[in-house]
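J.: Attaching a single structure in C-alpha cells format; questions to follow.
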Amino acid sequence: MTPKAGKKAPTTPTVAKPAALTPGTQPTAVEFLARLRTRQSDVEQAKYQRYFKSGKGDYAEGDFFMGVRMGEVFTLGKEFAAMPLEEIEKLLDEEIHEARAGAVKIMALQTQKKKTTEERRRELYELYLRRHDCINNWDLVDLGAGNVVGGWLMDKPRDPLYQLAHSENMWERRTAIVATSAFIREGQLDDTFAIAEILLNDDEDLIHKAVGGWVRDAGRSSRERLLAFLDEHAATMPRTALRYAIEHLGKEQRAHYLTLKDRVSPH
C-alpha cells in the first residue's frame, strides 16, 4: 500500500542480478522484488512519479515508484505466473507500486489460464476485493478488474459491481465500470451502460474517463445503444466522459453531441 505520512519511502539499492527461477519451484514475492531491483532506473522513477500524480494533493499522493518500465514488470509477471496466493498477497502489500502492479498482473494471468480451477479463480476474485486498499491507482484497477472481477462474475449475479459503484472509494468505483470489459467482450452490454449511469455525476475525473471509455467500447458492439445513451445524457454528462464516449464517432456526430453539451454548459 502507499506510504503513510512521515514514513520514509523504500530504497532501491543496486544489487547483483539474481538467477532465473529454477523450473518446478514455487516463485516467491522476495524473488520477484529482487528481480525488480535489477531493473530500477532513476530516470523512469522520476517519470512515473510525475505521470501517476503521486505528489501532495494528487490522486495518488504518497504512491512510491521504484522506476521499472511496466513492460518489464509484465514480463516478470509472466515468469512468476505460478506464484502461490499467499505470495501474491505479499506483493500486494508492498509499498513499491511496481510490486503491486506485478501482483495484479499475475492475478490476471492466473485467471486467464484454462487450467486454473474455479476455486482458484474465486480466491483471486476475493483477494482482489479484500485487498482493494492495495489496488489503489488507475493502472492497477485496469490491469485486473476485467479478468479477475468481471471474469469471475461472468456467469453470476452482478450485484457486487453495483455495490462497488456506490463505494466511497474512487478505485472501487473504477473497478465497477472497468470490470464490465469482460461482459463487453461477450456482447453483454447492460451492466456497462447501467453502471455508467450510476457514475455519471461522480466527482473524480478518473471516473469520468473510465465511464466515457467503457461506454465507447460498448458502443463498438452496439452503435445504437451508444447513441441512445448519448441522446439521453450528452447534454448533462461531464465533458471528459463525453469526449471519451464520442471518440470513435464521425465528425458530424461528435460535433452534434458537443453542441448539446455546450447549450447546457457553454463554459
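The values are calculated or read from the model by the stated rules, or taken from the named source; none is laboratory data. Only a predicted model underlies this, so the values are computations on that prediction, with no experimental measurement involved. Cβ coordinates were reconstructed from backbone atoms using ideal geometry, including for glycine residues, and neighbour counts include every protein chain displayed. Protein only, heavy atoms only, side chains kept; ligands, DNA and RNA dropped before computing areas. Shrake-Rupley method; radii C 1.70, N 1.55, O 1.52, S 1.80 Å.
J.: Return the only residue of ARG174, ARG158 being charged (D, E, K, R), out of contact with any Phe, Trp or Tyr (no Cβ under 6 Å at 6 or more places or on another chain) and buried (at least 20 other Cβ atoms within 10 Å of the Cβ).
T.: Selected residue: ARG174, the only one of ARG174, ARG158 that is charged (D, E, K, R), out of contact with any Phe, Trp or Tyr (no Cβ under 6 Å at 6 or more places or on another chain) and buried (at least 20 other Cβ atoms within 10 Å of the Cβ).
J.: Would you confirm, using the coordinates I've provided, whether LYS105 is touching a helix residue (DSSP H, G or I) at 6+ places or on another chain (Cβ under 9 Å), exposed (fewer than 15 other Cβ atoms within 10 Å of the Cβ) and either of a type in the set (A, V, I, L, M, F, W, C) or outside any loop (DSSP other than H, G, I, E, B) (or both)?
T.: When the stated conditions are applied, LYS105 does not pass them.
J.: Just to be sure, is TYR128 closer than 22 Å to SER222 by Cβ and either touching a strand residue (DSSP E or B) at 6+ places or on another chain (Cβ under 8 Å) or not basic (Lys, Arg) (or both)?
T.: no
J.: Also, I was wondering about something else. Name the residues in the range 188-205 that are open to solvent by less than 20 Å² (accessible area, probe 1.4 Å), in a helix (DSSP H, G or I) and among the aliphatic types (A, V, I, L, M), would you?
T.: Passing the criteria: ILE195, ALA196, LEU199.
J.: Considering every residue within the range 170-185, establish whether at least one is part of a loop (DSSP other than H, G, I, E, B) and under 29 Å from ARG131 (Cα atoms).
T.: yes
J.: Right, next: Please find, within the range 123-143, the residue that is nearest to ASN169 (Cα to Cα) out of those that are open to solvent by 70 Å² or more (accessible area, probe 1.4 Å) and part of a helix (DSSP H, G or I).
T.: ARG130
J.: Looking at the range 1-45, which of the residues that are farther than 19 Å from GLU94 by Cα and among the hydrophobic types (A, V, I, L, M, F, W, C) is modelled with the lowest pLDDT?
T.: Out of the qualifying residues, it is ALA16.
J.: For the range 108-122, give me each residue that is loosely packed, with under 12 Cβ neighbours inside 10 Å and in contact with a Gly (Cβ under 8 Å, 6 or more places away or on another chain).
T.: Result: no residue meets the conditions.
J.: Here is a further query. Closer than 24 Å to ASN137 by Cβ and touching a helix residue (DSSP H, G or I) at 6+ places or on another chain (Cβ under 9 Å), is that true of ARG239?
T.: Taking the combined requirement at face value, the residue satisfies it.
J.: Taking the options ALA245, ALA194, ALA228, name whichever one is under 20 Å from TRP138 (Cα atoms) and modelled with pLDDT of 95 or more.
T.: Checking each option against the conditions leaves just ALA245.
J.: Can you tell me how many residues within the range 55-82 are part of a loop (DSSP other than H, G, I, E, B), open to solvent by less than 50 Å² (accessible area, probe 1.4 Å) and touching a residue at least 24 places away in the same chain (Cβ under 8 Å)?
T.: The total comes to 9.
J.: Does GLU98 fit the bill of being more than 27 Å from ILE177 (Cβ to Cβ) and either touching a Phe, Trp or Tyr at 6+ places or on another chain (Cβ under 8 Å) or not in a loop (DSSP other than H, G, I, E, B) (or both)?
T.: no
J.: Within the range 181-198, how many residues are closer than 12 Å to LEU161 by Cα and aliphatic (A, V, I, L, M)?
T.: Summing the residues that are closer than 12 Å to LEU161 by Cα and aliphatic (A, V, I, L, M) in the range 181-198 gives 4.
J.: Would you confirm, using the coordinates I've provided, whether LEU85 is at pLDDT 95 or above and open to solvent by less than 10 Å² (accessible area, probe 1.4 Å)?
T.: no
J.: Conditions first: (1) in contact (Cβ under 8 Å) with a residue 40 or more places away in the chain; (2) on the phi > 0 side of the Ramachandran plot. GLU89 passes all but one, so which condition is the exception?
T.: Of (1) in contact (Cβ under 8 Å) with a residue 40 or more places away in the chain; (2) on the phi > 0 side of the Ramachandran plot, only one is false for GLU89: (2).
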